[in-house]
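Throughout, read-outs are computed from the coordinates displayed, never taken from laboratory work. Fair warning: this is a prediction, and the values are worked out from it, not measured in the lab. We place every Cβ from the backbone using ideal geometry, glycine too, and count neighbours over all the protein chains shown.
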Amino acid sequence: MSPTEVYKLIGKNENKYLKYSRKIFQPTTYCVYREAEIIKWLYGKINVPEIEFYENYQGNSSVIMTELKGIMLEECNLSPNIYVKYLVKALLEIQSIDVKNCPFISNVEYRLNELKYLIENNLIDNDCTNWEESTKKELNSSEDIYKWLCNNKPNKEELVFSHGDLCGSNVLLNDNNLEYIDFGRAGIADKWYDIAFCVNEIRDLPNDKKYLIYIDK
């Protein structure tokens, strides 16, 4: 769903990934240069890829990173109970990162400014036919959504380190250890942002209410 181009580079002994983003996305969380900077800052704090090269060239960004050894959580064929426990473990690991010296911001104001930029530069999907029914009843355009979000933003945020897209495809399992990818939207943000992603994951499971108790704890 990202405008970033991703290529898997298959080698004799190891694989790597090349990610590329166009100049127009440079001020946004879709800029892979930003993601490379975040991953370098995270290296040694949690299990992330190693950045081998990154640059901005004429405004376009490229990064080459190593491949992690783990398997995506959603592809591990885990029971719902174990799946949710790993998801909660990931949430707690991410939110335990000390943000005292973190230079990356991804809070509400930052994301609203980003949304405004994406709308103004026609970088969003304006097809409202695939919106949820409850949204279509009240909002008719991306501008309506932007105004609604501005008018209903939280008065106070509980700031922690946020992955920004915490889900079963971005959390990898490697011998009971967790690894993480796709940090383009990461940074200091409200703790409920990643919690909401976890809740959405759980709601796709059968008997979802049974597992939401893990998030409450």
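Below is a table of values for the structure above.
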quantity	calculated
Under 20 Å from the Cα of residue 89 - lysines, other chains or at least 8 residues apart	45, 69, 191, 209, 210, 217
Cβ-based net charge around residue 42, under 15 Å, with every Lys or Arg adding one and every Asp or Glu removing one	-4
Option label - Cα extents along the principal axes in Å computed here, alternatives [x] 53, 51, 37; [y] 56, 41, 33; [z] 46, 42, 37	[x]
Value of Rg/Rh across the range 5-66 [Cα atoms, Kirkwood radius]	0.99
Proximal charge balance of residue 2 [Cβ under 14 Å; K/R count +1, D/E count -1]	-2
Partners for residue 147 among lysines (Cα-Cα distance below 22 Å; same-chain residues under 8 apart left out)	116, 136, 137, 156
Net +/- balance of residues flanking residue 131 in space, Cβ distance below 11 Å, scoring K and R +1, D and E -1	-4
